[in-house]
């Protein structure tokens, strides 16, 4: 039985949706006190409106006293194309999908820093690597930005014991994807190692993959949830473009903040500097600063 007075508090945006709801149930099963931020959530919030997001974040802290885990699952997926999209719609998509994650991170990370523990999980999408259609321009752009946001945030927060991870699902059967024809799901399944449709519980299982106190070393990573798909970011390794070699680190690897460093190597790339983790890129940046 979990002691509610000491269990960790997890905030889930979009927890009223299919994937968000599955994540809420999984985190509750793991013993978290879960708070849903959504238009019909535990704390009602319009994630497209800055003032409303800031108000909701303050209400969470006032009511629950802390936030240990933030899962950003909410997403606006309006179908828009280059020739017809208007800026109001474009900005609303970016506000819900990217800016609300920034605002909530600003609100909750000071407490995480103080406690030297925090977990931020961003639900992105495998469409970033292989866009399936032009009318997802706003959605895919936002998910690409969210992926970059998470990788950079991992660099900023790692020293404070805060891990930031992205989960990139494949095409998942939810009410939001009901408009997709059966052929689309069949084509997705044909590229998967897992021969069945993906469901929201698959995403939730990836979010809750490790016990809440573990998983620091995977910070900055994008965890694929595409059923072992052959897309880049999926279970099989993507092929390098012709004429270009794919760099392979020596020994097991740890990815942190988007930088790939070999566990058995003293540097990211060949360099005369023997300091652990110092490669050619880092030295170049250091020289620029001192020039």
Worksheet item: Looking at (1) part of a helix (DSSP H, G or I); (2) surrounded by 15 or more Cβ atoms within 10 Å (Cβ to Cβ), can you tell me which one residue 85 breaks?
Response: (1)
Worksheet item: What is the number of the single condition among (1) closer than 23 Å to residue 10 by Cβ; (2) touching a residue at least 24 places away in the same chain (Cβ under 8 Å) that residue 159 does not meet?
Response: (2)
Worksheet item: What is the residue count in the range 126-178 for residues that are assigned to a strand (DSSP E or B) and within 15 Å of the chain's Cα centre (by Cα)?
Response: 8
Worksheet item: Since residue 16 meets every condition but one in (1) at pLDDT 90 or above; (2) buried (at least 16 other Cβ atoms within 10 Å of the Cβ), which condition does it not meet?
Response: (1)
Worksheet item: So which residues in the range 47-82 are under 17 Å from residue 16 (Cα atoms) and not in a helix (DSSP H, G or I), if there are any at all?
Response: 47, 48, 70, 71, 72, 73, 74, 75, 76, 77
Worksheet entry | residue 51 out of contact with any strand residue (DSSP E or B) (no Cβ under 6 Å at 6 or more places or on another chain), buried (at least 17 other Cβ atoms within 10 Å of the Cβ) and in the same structural domain as residue 169 (by TED's automatic domain parsing) | no
Worksheet item: Within the range 115-125, is even one residue part of a helix (DSSP H, G or I), under 22 Å from residue 206 (Cα atoms) and touching a residue at least 12 places away in the same chain (Cβ under 8 Å)?
Response: no
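The values are calculated or read from the model by the stated rules, or taken from the named source; none is laboratory data. Owing to the predicted nature of the structure, the values given are computational and were not obtained by experimental measurement. Note that each Cβ is placed from the backbone with ideal geometry, even for glycine, and that neighbours are counted across all protein chains shown.
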